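Asks: Next up is a structure, given as structure tokens.
The values are calculated or read from the model by the stated rules, or taken from the named source; none is laboratory data. On a predicted model such as this, the values are computed, not experimentally measured, just so you know. Positions of Cβ are generated from backbone atoms using ideal geometry, with glycine treated the same way; all protein chains shown enter the neighbour counts.
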Amino acid sequence: MVVSLFQRVRFFMRKYLFVAIFAIVILGGYYGVDAIFSTDIDIPTTHASKGEFIVALKESGTVDAKRAMTLSAPRVQGLQITWLAPEGSMVKQGDQVIKFDASKQTADVAEHESNLKIKRAALDRAKQEYTIQEKQLKLDFEKAKRNYDEKKHEAPRVAEEAKMELELAELNFKAKLDQLTSDVDKAQAEVDRAVDKVALARRDLGMMTLSAPIPGLVVYMQVWKGGSMAKVQEGDSPWPGQGLVNIPDLNEMVVNTEVSEVDASKVDTGKVVEVRLDAAPDKIFQGKVTTKSTLARSKDGDSKINVFDVEILVLESDETLKPGMSATCSIILDRDSNVVSVPIEAVFEKDGQTVVYTSGGKTKPITVGRKNDMSIEVTEGLKGDEEICLIDPSIDSRQLPGDRATEPEMNKSGATTPDRPRGGGSRGR
């Protein structure tokens with residue numbers, strides 16, 4: 001019973017399926033397959049506009065600071081980093097950024113300062129000895145002189161002895177003063193050398209702390225360690241002179257970009273630039289071209305394309321701008337007001353004429369001028385408020401592109417395929 005019912009259902013399904021296929025074949029032959037599945041075509045339109053028209057050269061670039069300073073390890077052996085200012089933090093001029101282990105330098109300062117005290121004490125003793133001996137020698141000299149004055153008129157032998165005592169006192173006075181002066185000078189030299197050693201030790205101790213020479217952002221640098229490159233960190237033992245931290249001044253930012261040698265003649269210093277960060281494209285920063293390299297260079301190692309390096313100064317300060325960020329620069333080559341323009345895809349070429357199609361499907365000849373990446377200037381033929389089509393309305397429905405159609409498919413002139421007749425006009429470039 002169940003099997004019989006199942007067979008009857010299969011019979012009716014085959015019967016109605018045959019009738020449906022028969023109907024499609026008959027209707028398709030009479031009306032055409034397209035007539036069965038076709039839908040009304042909605043032609044997209046837009047309006048011609050009148051206003052500011054900008055011709056710009058768009059280039060990609062990298063944000064950098066106009067001014068930056070690098071903090072390098074001091075010329076001291078046996079360094080070890082004990083503290084670093086957090087990366088990404090803002091510092092003011094004079095703020096501490098890097099500290100090294102200063103135990104040896106602290107001990108050296110203490111040792112040299114102690115030695116300086118000893119040398120200064122020796123100098124004081126030498127000066128005191130000089131003062132005492134000078135007075136004693138003067139006294140002895142005065143006694144010898146007075147004795148000679150008293151005896152010079154006595155017997156010749158007595159007078160001669162008094163004279164010799166005076167001469168001896170004078171020689172002794174000069175010799176001993178010279179010796180004492182030498183002792184003082186030597187002690188002073190020892191003090192000077194000790195002072196220099198203290199100054200050097202204090203300098204080395206001072207170099208164990210590096211401060212920011214300018215206000216800016218703390219950026220750790222890559223250093224070679226363990227067989228690979230890595231960012232500097234606490235505990236590292238850098239070699240003398242090695243760069244450790246870069247501090248860019250964010251008050252004045254630039255974008256470094258390049259232009260091809262074909263466009264280089266259009267880009268001069270002073271050109272206005274609109275800068276957009278790739279990370280925040282909705283915000284526009286005003287800038288200007290400040291420098292363009294004198295000579296071209298190869299774009300890449302083996303490339304045959306030559307480019308000129310261009311620096312663009314950002315004219316406003318903003319905390320969003322950070323070194324290393326990618327940006328798009330629109331270098332304004334030309335800017336006019338009250339210009340009639342239409343989207344590039346709305347312009348076609350038909351029968352040797354540049355045309356647009358009005359919303360009613362009528363052809364409207366126009367004369368075009370400059371263009372940018374989105375629009376083209378219309379110098380004759382439109383006033384700026386007309387509604388126009390974005391595709392050729394005269395194209396047969398079978399020629400219209402699908403969802404994945406590309407721009408050339410839509411407006412390519414004279415394109416034919418085995419099942420497509422020659423269509424309407426093509427877009428003017």
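Asks: Considering every residue within the range 143-165, establish whether at least one is of a type in the set (Phe, Trp, Tyr) and in contact (Cβ under 8 Å) with a residue 24 or more places away in the chain.
Replies: no
Asks: To continue, here is another question. Select from the range 190-222 the residues that are outside any loop (DSSP other than H, G, I, E, B), small (Gly, Ala, Ser) and touching a residue at least 60 places away in the same chain (Cβ under 8 Å) and write down the one among them that is surrounded by the fewest Cβ atoms within 10 Å (Cβ to Cβ).
Replies: Looking at the filtered set, the residue picked out is Ser211.
Asks: Turning to a different aspect of this structure: It is to be established whether one or more residues within the range 144-163 are in the same structural domain as Ile118 (by TED's automatic domain parsing), out of contact with any Leu (no Cβ under 6 Å at 6 or more places or on another chain), at pLDDT 85 or above and charged (D, E, K, R). Please lay out each step first, then the result.
Replies: Residues of the range 144-163 that are in the same structural domain as Ile118 (by TED's automatic domain parsing), as a first pass: 144-163.
Still in the running and out of contact with any Leu (no Cβ under 6 Å at 6 or more places or on another chain): 146-147, 149-163.
Right, trim to at pLDDT 85 or above and you get none.
No: zero hits.
Asks: Another one. Identify the residue in the range 314-364 that is closer than 30 Å to Asn256 by Cα and of a type in the set (D, E, K, R) and, among all such residues, is farthest from the chain's Cα centre (by Cα).
Replies: Asp336
Asks: Among Ala187, Ala102, which is surrounded by 13 or more Cβ atoms within 10 Å (Cβ to Cβ), in contact (Cβ under 8 Å) with a residue 24 or more places away in the chain and farther than 30 Å from Gln80 by Cβ?
Replies: Selected residue: Ala187, the only one of Ala187, Ala102 that is surrounded by 13 or more Cβ atoms within 10 Å (Cβ to Cβ), in contact (Cβ under 8 Å) with a residue 24 or more places away in the chain and farther than 30 Å from Gln80 by Cβ.
Asks: Do any strands (runs of 3 or more DSSP E) lying entirely in the range 253-312 carry at least 3 residues that are basic (Lys, Arg) and in contact (Cβ under 8 Å) with a residue 12 or more places away in the chain, and which ones are they? Steps first, answer last, please.
Replies: Values: elements: 253-260, 272-277, 280-292.
In the range 253-312, the matching strands (runs of 3 or more DSSP E) lie at 280-292.
Asks: Please enumerate the residues belonging to the range 165-184 that are hydrophobic (A, V, I, L, M, F, W, C) and exposed (fewer than 12 other Cβ atoms within 10 Å of the Cβ).
Replies: Once the filter is applied, which keeps residues that are hydrophobic (A, V, I, L, M, F, W, C) and exposed (fewer than 12 other Cβ atoms within 10 Å of the Cβ), the range 165-184 yields Leu171, Ala175.
Asks: Say whether the condition of being in contact with a Gly (Cβ under 7 Å, 6 or more places away or on another chain), assigned to a strand (DSSP E or B) and surrounded by fewer than 18 Cβ atoms within 10 Å (Cβ to Cβ) is met by at least one residue in the range 365-374.
Replies: Yes, the range 365-374 contains at least one residue that is in contact with a Gly (Cβ under 7 Å, 6 or more places away or on another chain), assigned to a strand (DSSP E or B) and surrounded by fewer than 18 Cβ atoms within 10 Å (Cβ to Cβ).
Asks: Going through the range 182-200 one residue at a time, which ones are small (Gly, Ala, Ser) and at pLDDT 95 or above?
Replies: Ala189, Ala194, Ala199
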